[in-house]
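Below is one structure; the comments refer to it alone.
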Amino acid sequence: MRAGRGIMLAGGIAALAIALSGCGAASDGPTADATPTPTVTAEAVAVDLSAEPISGVGPTWPHPGVPFPVPEGARSVTLDVECTGGERFEIGVLTAMSLDNVQLARTCTGLQSLDWPVAKSASPTLYIWVPDGVAWTVTPHFSADEFETDETIAAECAAFGEIYSALMNADQGYGTYQAFGLDEWTARVDAAAADLDELAASSETSMAPGFTQLLEMMRSPERIPGEISTGVILNDLIGDACGVNHTPMVVNAEFGG
């Protein structure tokens, strides 16, 4: 999606018909012509969705961030992020009340375009992390169109979140908190593996190879009890498909606080 300036049309067209009755009584007299219908031309009301570029040097993350005003009527935004030097950067458009606290990571190799939904009820803040001394520019292009979520990706992210939560809780319960023994750990991991097997087999997204790779690790005879999830880097397995779709994977911790 390439968001741009949006134009909304509002207005009305009114029509008035005036009928003139004849004055004569004769049946064969001339009849009055209908008066042409006057019209009012619709007036276009432009909604200004333009925004100025935001520039800086070095990180604004985690604090204080940069104010990110959203024009009235905007429902999505494309962020053109520009930086060079090959450094890694992370960016997020976050609100205190939003559950969509997604941060996306890329590399400073010129212009990168990233799409974001726009919160309807809160003023977001732009956060960006780059190494000290790296200059960056973010140019927002707002749109009145809603952000388009891929529901298939959303469903797989939700399902994988539950599976990974079960795996992480098995590892932490056994290895970190000693809440149960090896038999319980084995039963939990095997149950999570069965669920992941089904998800990997039915997956229709780019995450399928990562699901299969993790499944092999969970079922490997060389697996180390309590340490499977600690060695997993999710971005290496499933990329940032859930983040780009703005349906981030949710992990529910059973232990800790």
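Points to keep in mind about this one:
- Under the convention that each Lys and Arg Cβ holds +1 and each Asp and Glu Cβ holds -1, the size of the dipole of region 215-257 around its Cα centre is about 80 debye.
- Region 164-208, relative contact order [Cα under 8 Å, separation at least 6], %: 33 percent
- Per-residue extension of 0.36 nm, minus the Cα-Cα distance of Ala194 and Gln103, leaves a gain of 29.7 nm for this segment.
- Estimated FRET transfer efficiency (Glu216, Val251; beta-carbon r; R0 25 Å; 0.05): 0.75
- Accessible area of Ser220 (1.4 Å probe, protein heavy atoms only, ligands and nucleic acids ignored): about 30 Å².
- Per-residue SASA remark: Thr109, around 100 Å² accessible (1.4 Å probe; ligands, DNA and RNA not included).
- Using θ = phi - 60° in the Karplus curve 6.51 cos²θ - 1.76 cosθ + 1.60, the 3J(HN,Hα) couplings for region 206-217 round to 5, 7, 3, x, x, 4, 5, 5, 5, 4, 5, 5 Hz; x is entered for Gly and Pro.
- Using a cutoff of 8 angstrom between alpha carbon atoms and counting only pairs six or more residues apart, the relative contact order for region 76-206 works out to 26 percent.
- Shape category assigned to region 116-257 from the gyration tensor of Cα positions, a/c cut at 1.5: prolate
- Alpha-carbon spread of region 80-143, three principal axes, descending order, Å: 37, 23, 15
- At R0 = 35 Å, FRET efficiency that the Cβ-Cβ distance of Ser202 and Leu111 yields, to 0.05: 0.45
- Nonlocal amide H pairs with Phe68, under 5 Å, H built at 1.01 Å: Leu126
- For region 69-202, the solvent-accessible area works out to 47 Å² per residue, with a probe of 1.4 Å and every protein chain left in place.
- Surface listing: Ile153, Ile224 arranged by accessible area from highest to lowest gives Ile224, Ile153, probe 1.4 Å.
- Carbon + sulfur, % of accessible area of region 167-224 - ligands and nucleic acids excluded, 1.4 Å: 49 percent
- Scattering profile of region 56-110 at q = 0.13 Å⁻¹ [log10 I(q)/I(0), Debye over alpha-carbon scatterers]: -0.39
- Ligands, DNA and RNA aside, Phe68 has an accessible area near 10 Å² when probed at 1.4 Å.
The values are calculated or read from the model by the stated rules, or taken from the named source; none is laboratory data. Here the structure is a predicted model, which is why all the values come from computation and not from measurement. Glycine gets a Cβ as well: all are built from the backbone with ideal geometry, and neighbour counts include every protein chain shown. Remember, those area values only see protein heavy atoms, side chains included, never the ligands or the DNA or RNA. Shrake-Rupley method; radii C 1.70, N 1.55, O 1.52, S 1.80 Å.
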